[in-house]
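Have a look at the structure below, then the notes.
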Amino acid sequence: MHTLDCYDPLDPYGNITVTFDIHQWTNDGYVARVTIQNYHQYRHVDQPGWKIGWTWADNEIILSMSGAFATEQGNCSDFKFQSPHSCKKDPVIVDLGPDASPQNMTDACCRGGLLSSYTINPANSFSFFEVAVGNLGMNASGHAPQDLTLWAPGPGYTCGLLEDVDPTVSLEIGGRRQVQVFSKCFMSPSGPQLVNSQKETYQTFDNENLYAGTWKSTCTYSTFLANKTPVCCVSLSTFYNPKITPCPDCSCGCRDADKSKALCISQINQLQGPDFIKSQDIVHCSDHMCPVRVHWHVQSNYVGHWRVKVTVSNYNYKRNYSNWNVVVQHPGFSQKATPYSFNSSVLPSAGFSEKVALFWGISYYNEELLQAGENQVGSVTTQILLEKDSESFTLSNGWALPRRVYFNGENCEMPLPDTFPMLPNAASSSLKPVNNCFFILQILFFLTFTSQLINLLGFDKQLSKFCLSLHFLIHNPLSF
């Protein structure tokens, strides 16, 4: 197993945190707000959205919910005078869609299970739902749920235990008032009572009768669990070498022996978790067989800048990638970089000499990477103008090519270094950036000499006028 499969060095603290906050106790249970917060810098939760499940520690049931729903009600025949929302021992919860009725909605809910990454859109990186839990009885203990499981949207996340933590504090009245959930509670014959830790009576209660108001679990992601094969690959090209380095063969699986086929079934199936319908992606047949390819082209070299063109292509015939993003690790991002058609941000890169840049689409322009069509693949592209660091910049030894590329948080297969497009022989002098001023002076001298020669030899007046006009435009570019 590769180390990157279980640990992402570009986002070492990325996770999804699940928090249960008990903000009201009832005669036989409690009401809790559940928060799902995405702390990943660039990995988001895409369609069909998150699902979360757990196993009750005792005989709890879900009396009602808002902001989400349980996929199964289960056997509620023991409750003759009420109709619980779910009596399952191991309920699975799904987010409501934007079209949910207002009485079933809560704040920050109902996005169809979609969560943005924390860096790109922190306001949409979390989701709430409320759950009323009952059937605890007067003397039952309110223990945290067990075996927390998160599908986001498929397998890949492993969640720790829901543990007691400090009570959550929220802000009200424009941030001027702090409101804290219940921190400790005990069961008495008259129901739960708040315990004041400042009173001496706090020590007289048995620890088993003390109940935390906040439980929290951290869910970490593993590429190895999520995907049997990579989901993207990288190809490379440069202006100084006609060779194009393609994605490695069989990067995401191998194509059929029949090379005439245009449609192939991808070997990648991210939705393999419980209750998910297995679906096979139909992709454009290629030697790499990846649904997504990222192409990096070193376009030009100037005195103080250099230019790159990045193209992201979708080979999938059945899927659009909404709110896509690309992460590139390259030392050139230590200097100012200006993308023309993407949003961008430089991410913290502790422990790395190379900087890491995050790119994503512009709203209402190219935030959706469209599926492949009959005659072409879907794509988004941008040029990136980067300032030079004179001490480090070079075109030698593949320095201008990326070190690592991610698409939607997944590490893309890179070509081997010995296949990179390299500088041709004796290219160090021929590929030096041209001084623009010297180049313009050469053109001016040539045009002046040519126009005088035409007048001297008496060539056609129209040709002479053309040369003089061109000479005037170069001397006065703003008049054009």
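Working out 0.36 nm times the residue gap between residue 229 and residue 379, then minus their Cα-Cα distance, what length gain in nm do you get to one decimal? Working shown, then result.
On the way: separation 150, 0.36 × 150 = 54.00 nm, distance 2.21 nm.
Answer, rounded to one decimal: 51.8 nm.
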- line: Phi angles of segment 13-27, converted by Karplus (6.51 cos²θ - 1.76 cosθ + 1.60, θ = phi - 60°) into ³J(HN,Hα) in whole Hz with x for Gly and Pro, give 9, x, 6, 10, 9, 10, 10, 9, 10, 7, 10, 7, 9, 10, 4
- request: Express the C-alpha Rg of segment 334-416 as a ratio against the empirical globular expectation 2.2 N^0.38 Å, rounded to two decimals.
  value: 1.28
- request: Give the whole-number value, in cubic angstrom per residue, of the convex hull volume spanned by the C-alpha atoms of segment 75-173.
  value: 204
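Which whole-number percent of Cα pairs in segment 299-366 have a distance greater than 19 Å? All intermediate terms of the calculation are to be shown ahead of the outcome.
On the way: 980 of 2278 pairs.
Across segment 299-366, Cα pairs with separations above 19 Å total 43 percent.
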Extended-chain gain in nm, criterion 0.36 nm per residue less alpha-carbon gap, residue 343 and residue 169: 59.3 nm
- prompt: When the Cα centres of segment 18-39 and segment 49-106 are compared, how far apart do they sit, in Å?
  reply: 14
- line: The long-range amide H neighbours of residue 315, using H built 1.01 Å from N in the peptide plane and a cut-off of under 5 Å, are 292, 293
message: What percent of all Cα-Cα pairs in segment 81-135 falls into each 5 Å bin, going from 0 up to the bin containing the maximum distance?
response: 4, 16, 22, 20, 18, 11, 5, 3, 1, 0
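Using per-residue counts of other Cβ atoms within 10 Å, averaged over each peptide, order 216-229, 322-335 from highest down.
On the way: 216-229: 17.9, 322-335: 20.7.
So the order, starting with the most tightly packed, is 322-335, 216-229.
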- prompt: Short version: ³J(HN,Hα) in whole Hz for each residue of segment 388-403, in order, from phi by Karplus 6.51 cos²θ - 1.76 cosθ + 1.60 (θ = phi - 60°), x for Gly and Pro, what are they?
  reply: 9, 9, 4, 7, 10, 5, 7, 9, 7, 6, x, 4, 6, 9, x, 7
Length released on extending from residue 263 to residue 79, taking residue separation times 0.36 nm less the Cα-Cα span: 60.9 nm
field: Rounded to whole Hz, the Karplus (6.51, -1.76, 1.60) HN-Hα couplings of segment 295-309, x for glycine and proline
entry: 10, 10, 10, 6, 8, 7, 9, 10, 5, x, 9, 9, 10, 10, 10
field: Members of 309/336; 228/261; 51/89; 80/216 lying beyond 27 Å, as alpha-carbon distances in this model show
entry: 80/216
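Read the figures in this text as sums done on the coordinates, not as results from a lab. Bear in mind the structure is a predicted one, so any value in this text is a computation, not a measurement. Counting neighbours? That spans all protein chains shown, and the Cβs are built from the backbone with ideal geometry, glycine included.
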